[in-house]
Amino acid sequence: MKIVHVCETLKGGIESYLAEIIPFQVGLYGADNVHIIVPRDGAGGRSEFHEAVVWEFRRKGRSFSTMLNLCVAILKLVKTQAPDVIHLHSSFAGAIGRVVLMALRKETKVVYCPHGWSYLRQGAERTNWLWKKIETMLAVACHKIVCISEHEYTAALNAGLPEHKLELIVSGISDVVSDAPRNRVISREGRAIRLLFVGRLDYQKGIDLLFNALRSAARNDIELTIVGEAVVNSAWWAQVRGSCPENVQIIGWQERDALQLFYELADALVVPSRWEGFGLVAVEALRSGTPVICNVAGALPDIVEHRISGYHLDFENTEKAVAFFAELKLENLAHLRHAARERYTSVFKSQAMNEKMLQMYQAVIPHTEAVGTAGFME
């Protein structure tokens with residue numbers, strides 16, 4: 001089986017997602033049979049593609065030239081490689097890829113993963129109806145639509161997308177830490193609470209909501225580390241950065257391997273996203289035994305158990321958000337660490353995700369012989 005993955009951008013959850021599924025597929029089908037189309041400006045994470053064949057296109061924001069360059073890259077790869085499956089990631093790549101492939105009328109099977117429905121965006125209610133219409137229309141141009149969370153699956157059904165095309169494959173990640181006790185980050189009494197934010201510094205991710213709450217809580221014993229950078233709207237982030245509260249350190253974008261230390265040193269990850277199709281950074285934190293303080297938005301409450309592996313908080317309710325951080329205690333976060341790790345190990349390991357995706361590929365290509373996974377997974 002020859003598989004092609006198409007990405008309009010890599011930074012964020014999509015890069016982490018691909019870092020889980022591509023090594024698995026390369027191990028099964030060989031490096032020559034796994035290809036990926038990525039933007040030329042997305043060099044981060046390339047080593048995690050594990051010998052997959054990389055095709056690049058020039059990206060200049062979400063512009064017409066980017067659309068055209070991505071179209072050309074898809075056309076070239078399909079015509080020269082004749083893949084069995086082309087897997088489109090995100091709404092932008094999904095829309096362009098499905099239109100191009102529909103026009104080609106090739107035998108290639110098309111799989112689409114939105115990684116968060118575009119019609120669920122907060123603050124874009126005037127155009128969300130249009131994106132919902134586009135998604136329902138383009139559903140005819142793919143064989144399967146992968147939903148990465150229960151929330152995303154339910155939203156697809158509610159939008160009228162065809163149930164027989166929907167495939168619920170909950171995202172997971174590989175384990176990189178042991179189950180040894182994690183006491184070193186909570187050993188010093190009286191120290192500051194170390195909070196962590198990881199992700200794109202864009203409107204969707206709600207960093208401004210977190211800033212507002214921390215600034216009003218006015219606690220000198222809370223430190224926030226920010227790992228990430230603006231991807232969609234740098235002008236918005238430049239404005240928000242001007243209201244940055246005290247005790248905030250902005251690190252910039254980091255490679256995935258470097259993130260593990262940030263998770264381990266944090267007392268809690270904060271995910272104030274306005275909407276999320278999944279929220280992979282929350283799972284990465286749970287894997288490290290780090291509790292998660294998440295907004296009550298999208299799939300986030302499905303990942304984090306309130307008062308067990310973290311906290312649910314309505315970041316849009318300023319009064320409640322300020323009160324939460326004003327009363328937050330280090331010892332309460334410390335008591336959640338074991339349950340956070342347990343949440344990951346019981347629900348979010350990558351083996352089930354990869355096996356279900358393999359079964360989906362084989363289902364849309366009936367002539368393909370099943371490939372055993374037991375030896376690779378061990």
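Miscellaneous remarks
- Qualifying residue in the stretch 117-136 (condition: over 26 Å from E316 (Cβ atoms) and without any contact (Cβ under 8 Å) to a residue 24 or more places away in the chain): yes
- Qualifying positions in the stretch 147-165 - in a helix (DSSP H, G or I), touching a strand residue (DSSP E or B) at 6+ places or on another chain (Cβ under 6 Å) and of a type in the set (A, V, I, L, M, F, W, C): A156
- Matching residues in the stretch 55-84 - criterion: being surrounded by fewer than 22 Cβ atoms within 10 Å (Cβ to Cβ), of a type in the set (A, V, I, L, M, F, W, C) and either over 10 Å from E8 (Cα atoms) or modelled with pLDDT under 90 (or both): W55, F64, L68, C71, V72, A73, L75, L77, V78, A82
- Test: residue in the stretch 155-170 that is of a type in the set (D, E) and modelled with pLDDT of 95 or more: yes
- Strands (runs of 3 or more DSSP E) contained entirely in the stretch 243-333, each with at least 3 residues that are touching a Ser or Thr at 6+ places or on another chain (Cβ under 9 Å) and of a type in the set (A, V, I, L, M, F, W, C): none
- Remark: pairs (first residue in the stretch 45-69, over 21 Å from D32 (Cβ atoms); second residue modelled with pLDDT under 75 and surrounded by 14 or more Cβ atoms within 10 Å (Cβ to Cβ); Cβ separation under 9 Å; 6+ apart in sequence or on different chains) = R58/D41; R59/D41; R59/G42; K60/D41.
- Scanning the stretch 198-215 for residues that are out of contact with any Asp or Glu (no Cβ under 9 Å at 6 or more places or on another chain), surrounded by fewer than 24 Cβ atoms within 10 Å (Cβ to Cβ) and closer than 17 Å to F278 by Cα gives D202, Y203.
- Being modelled with pLDDT of 95 or more and in contact with a Cys (Cβ under 7 Å, 6 or more places away or on another chain) holds for only one residue in V292, V296, V271, and it is V271.
- Those residues of the stretch 201-242 which are assigned to a loop (DSSP other than H, G, I, E, B) and either among the aliphatic types (A, V, I, L, M) or free of Cβ contacts under 8 Å to residues at least 12 places away in the same chain (or both), in sequence order: L201, A218, A230, V231, V232, G242
- Long-range neighbours under 6 Å by Cβ, at least six apart or interchain, first residue among the basic types (K, R) within the stretch 179-200, second modelled with pLDDT of 55 or more and surrounded by 10 or more Cβ atoms within 10 Å (Cβ to Cβ): R182/G289; R182/R337; R194/E223; R194/A266; R194/D267; R200/G12; R200/G228; R200/V231
- In the stretch 336-355, the count of residues that are among the charged types (D, E, K, R), assigned to a helix (DSSP H, G or I) and either modelled with pLDDT under 70 or surrounded by fewer than 16 Cβ atoms within 10 Å (Cβ to Cβ) (or both) is one or more.
The values are calculated or read from the model by the stated rules, or taken from the named source; none is laboratory data. Remember, predicted model here, so these are calculated numbers, not experimental data. Don't worry about glycine lacking a Cβ; one is built from the backbone with ideal geometry, like all the others, and counts go over all protein chains shown.
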